[in-house]
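Report on one structure; see the data block that follows.
The values are calculated or read from the model by the stated rules, or taken from the named source; none is laboratory data. All of these numbers come straight from a predicted model, not from anything done at the bench. All Cβ positions, even for glycine, are placed from backbone atoms using ideal geometry, and neighbour counts span all protein chains on display. Areas reflect the complete protein model, heavy atoms only, side chains present, ligands, DNA and RNA absent. Shrake-Rupley method; radii C 1.70, N 1.55, O 1.52, S 1.80 Å.
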Amino acid sequence: MSSQSVKTKKQEAGKHSIITSKSMSSRQTKMAVQHPSVHRMASKRRVKPCGNSLERMPPEIILRILSYLDAESVFCISFVNKLFHELSNNNSMWYQFYIREHAKKKKANQEDRMIRDLGLVGVQERPKGYWRNTFFKEIASLNVNKWRKKLQRIDPYSGLPRHTEEVLRSLCITWEITVTDGSGRRSTFEQSHASFSSTAVFVFWGAVSWPSFNQFTSLELCGVSRVPLHCPAPYRPAWKSVMSKIKLQGEHSELCVADKIVKMLYVGQGVTLGFWQDQCGLAFVIVNLHNHRLVERSLHASISPCAATGVRALFDDVDPEYGLHGYTAYIELHNTARVVMSGRFSQLFCRRDQISDGYLPLEVISENNRSLNTHLVGDVSLPWRTEALHGTIKDCCMISLTLWDEAKQPFWCVSAPVVMTKANQDTVSYDYDGEGFSILYQDSEGRVEMRLKQMEYKEQYFLVNLLIYISVAKVNKHFGRDY
């Protein structure tokens, strides 16, 4: 056999093996026939795995590259994969970020100087993620002394901190609710928007698709403080603090008020649920948060340890009626847009023989004293809003009450929705020719009773009677008495 015929048979065999490959397209087959040697070389290159060149580098080199990035970029890289998540939590790198941020404020306390003396070994001995969390707290301005000084500036009229809204915004504090169904599944919803006043904050949830309310077993309110990084809000580091938890099983509080579209139900602790009239599905949630210690309650306990809520007054064994006098009250009726009525009343007291049914009554405004009658500005109404609809519920508003003891310490703080209804037994008045109305609020610590008169032709309301009832058990616990 000649060498030419052998060469021809090898070429034909090579062509056959290439043409019969199942993974080839017609164009690849044509190229393989024309250039078989090039095709075999290219096939071997495709078979060889090709990984990320950055991932194949030694960890020391990658850490060196990451050290040239800013803190926000390093944090975002931690979401790429497990390798970058591990490397981006390096204590030494985050310690350098912390030192730079701390140097901007020109602060160097004894602990920082000690850690510098320890060197790299001392920094790495800290628990994993320690310096990252410390850096986040630093840039989030979670310096207790810093914002506590601002909250020490008190408004002389309302008796509450002046800069509560400013501090809440500077700390990037928001609120979210978590609902739990019968199977234990939890669904968390971020707030839609919030409205601030001098005495309270009103937080709304109306731009979400709610689960079926019949399956709810509990509702949990949390304060959330997010680090101000330039990345999507859900990915920002945050601290959560559970502020209240409400069980939704069984009977609820009575219906507040309704219009043609929605009806509202107050379930306690400042939480109001709005339902669609036709579908009975949840439409929105409104939460009232009183400004007293709101910043502390919204921050995590590990960041800002809150003092005990049941603070007692100093014991006084000289005054036989200690705890019965010296009260001061500031009260507001308002909605999310304006204040309808406000007033500050001092030197409130109660005699021992007036205590009855477990309550201590404080007469704030009396019908016999016309000089204290207070005029309500505008109508009593509460606007509501969802993602698609909005409206206004008449004869409903918010009440914010702050009651101080003799030492000017907040004793009872309330922020909740109330309803104005026609009085059952209207008293005869020669000063007001309209109908009589009443507003009532009550919880486990006390109740507020308000009586209003309407000017028939001018459609104006006047507050003619206001009584505050404090639970005797609360007074005894606070003042150490036995009334």
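Which order do peptides 158-168, 82-92, 178-188 fall in by mean Cβ count within 10 Å, highest first? Write down the numbers at each step before the final one.
Details: 158-168: 19.3, 82-92: 15.9, 178-188: 12.9.
Packing order, densest peptide first, comes out as 158-168, 82-92, 178-188.
Run through all the Cα pairs of the range 134-293 and give the fraction in each 5 Å bin from 0, expressed as whole percent.
Histogram of Cα-Cα distances, whole percents per bin: 2, 8, 15, 19, 18, 14, 11, 8, 4, 1, 0.
Take the Cα pairs of the range 141-228, get the Kirkwood Rh, then feed it into Stokes-Einstein at 37 °C and 0.692 mPa s and tell me D in µm²/s.
Values: Rh = 15.2 Å.
This corresponds to a translational diffusion coefficient of 216 µm²/s.
Evaluate the distance, in nm, between pseudo-label points positioned 7 Å from the Cα of Q249 and of K146 along their respective Cα→Cβ axes.
Rounded to a tenth, the inter-label distance reads 4.5 nm.
Using 0.36 nm per residue, how much length does the chain from T178 to A233 gain when fully extended, once their Cα-Cα distance is taken away? Don't skip to the end; give the middle numbers.
On the way: separation 55, 0.36 × 55 = 19.80 nm, distance 1.76 nm.
The T178-A233 span can extend by a further 18.0 nm.
Measuring from label point to label point, each 7 Å out along Cα→Cβ, what is the S346 to V377 span in nm?
2.3
Given the pairs K149/K408; K394/K453; K263/K453; K82/K128; K128/K240; K146/K245, which span a C-alpha to C-alpha distance of over 22 angstrom in this model? The partial results should precede the final answer.
On the way: K149/K408 19 Å; K394/K453 17 Å; K263/K453 26 Å; K82/K128 15 Å; K128/K240 20 Å; K146/K245 30 Å.
Among K149/K408; K394/K453; K263/K453; K82/K128; K128/K240; K146/K245, the Cα-Cα distance tops 22 Å for K263/K453; K146/K245.
Can you send over the carbon and sulfur percentage of the accessible area for the range 316-452, probe radius 1.4 Å, protein chains only? Each step should come with its number before you reach the end.
On the way: 3080 of 6880 Å².
Answer for the range 316-452 is 45 percent, counting heavy atoms of protein chains only.
If each residue of separation counts as 0.36 nm, what is the full-extension length gain between E220 and R312 once their alpha-carbon separation is subtracted?
Extra length from E220 to R312 when fully extended: 30.3 nm.
Based on the Cα atoms of the range 311-373, what semi-axes does the equivalent ellipsoid have, where each is the square root of 5 times one gyration tensor eigenvalue, given in whole Å with the largest first? Walk me through the numbers before you get to the answer.
On the way: eigenvalues 153, 54, 25 Å².
After scaling each eigenvalue by five and taking roots: 28, 16, 11 Å.
If the convex hull of the alpha-carbon atoms of the range 186-237 is projected onto planes in all directions, what is the mean projected area in square nanometres? Write out the running numbers ahead of the final one.
Values: hull surface 21.2 nm².
Seen from a random direction, the Cα hull of the range 186-237 projects 5.3 nm² on average.
In a solvent-free Debye calculation with one equal scatterer on each Cα, what is log10 I(q)/I(0) for the range 367-483 at q = 0.13, 0.14, 0.15, 0.21 Å⁻¹, listed in the order of the q values?
After summing over all Cα pairs, the log10 values are -0.65, -0.73, -0.81, -1.20.
Run the quick spin-label model on S444 and T188: label points 7 Å from Cα toward the beta carbon, then report their separation in nm to one decimal.
2.7
Contour minus end-to-end for N368 and N133, with contour as 0.36 nm per residue of separation and end-to-end as the Cα-Cα distance? Provide the component values of the computation, followed by the final result.
Details: separation 235, 0.36 × 235 = 84.60 nm, distance 6.10 nm.
Value of the extension gain: 78.5 nm.
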